[in-house]
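*Asks:* I have a structure I would like to understand better, so I am pasting it below and will then ask my questions one at a time.
Just so it is clear, none of the values below were taken in a lab; they were calculated from the coordinates. Computed from a prediction, not measured in an experiment: that's the story for all the values here. Cβ atoms come from the backbone with ideal geometry, glycine included; neighbour counts cover every protein chain shown.
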Amino acid sequence: MLVVHVQVHVKPEYLEAFKQATIANARESIKEPGIARFDLAQQQDDPTRFVLVEAYCTAEAPAAHKGTRHYLTWRDTVAHMMAEPRASVKFSNQFPQDADW
């Protein structure tokens, strides 16, 4: 399993719009067969910072996700809302190892 943490810094005036767009994307993303989990977390001491935690079942699933209509809509909708380019870090899941994703 591939776990991706996407760091996003949002301009303060777009906080609610960013959350709404990202939640809409997450609701559709978790319906994809290649996605085991899709979380949106907001930093407590700086509400302009978010982390998207995306857990993919296969190595091919991220590319499939990036080709979906809901992802493309999200990407284009939130692009101007970001205070800086988003950044991602990829992880290999270590536990649970035998989960039925």
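*Asks:* Would you please calculate the Kirkwood hydrodynamic radius of the chain over all C-alpha pairs and express it in Å, rounded to one decimal? Could the numbers behind the result be given before it?
*Replies:* Values: mean 1/r = 0.0713 Å⁻¹.
One decimal place: 14.0 Å for the Kirkwood radius.
*Asks:* Using a Gaussian network model of the chain with C-alpha springs under 10 Å, which one of ARG69, ARG37, ARG49 is most mobile by mean-square fluctuation?
*Replies:* Evaluated over the chain, the most mobile residue of the options is ARG69.
*Asks:* With the convex hull built on the Cα atoms of region 13-53, state its orientation-averaged projected area in nm². Write down the numbers at each step before the final one.
*Replies:* On the way: hull surface 11.6 nm².
Mean projected area for region 13-53: 2.9 nm², to one decimal.
*Asks:* First measure r as the distance between the Cβ atoms of VAL89 and ASP45, then evaluate 1/(1 + (r/R0)^6) with R0 = 30 Å and state the FRET efficiency to the nearest 0.05. Walk me through the numbers on the way to the answer.
*Replies:* On the way: r = 20 Å, r/R0 = 0.68.
Plugging the Cβ-Cβ distance into 1/(1 + (r/R0)^6) gives 0.90.
*Asks:* What number, in percent, do you get for the relative contact order of the chain if the mean sequence gap of Cα pairs under 8 Å and at least 6 apart is divided by its residue count?
*Replies:* Numbers: 156 pairs, mean separation 44.7, N = 101.
Worked out over the chain, it gives 44 percent.
*Asks:* On to the next question. Each label point is 7 Å from the Cα along the Cα-to-Cβ direction; what then is the distance between the points at ILE30 and MET82, in nm?
*Replies:* Calculated label separation equals 2.4 nm.
*Asks:* Can you figure out the FRET efficiency of ALA64 with TYR14, using R₀ = 41 Å and their beta-carbon distance, to the nearest 0.05? Could you put the intermediate results ahead of the total?
*Replies:* Values: r = 28 Å, r/R0 = 0.68.
Here the calculated transfer efficiency is 0.90.
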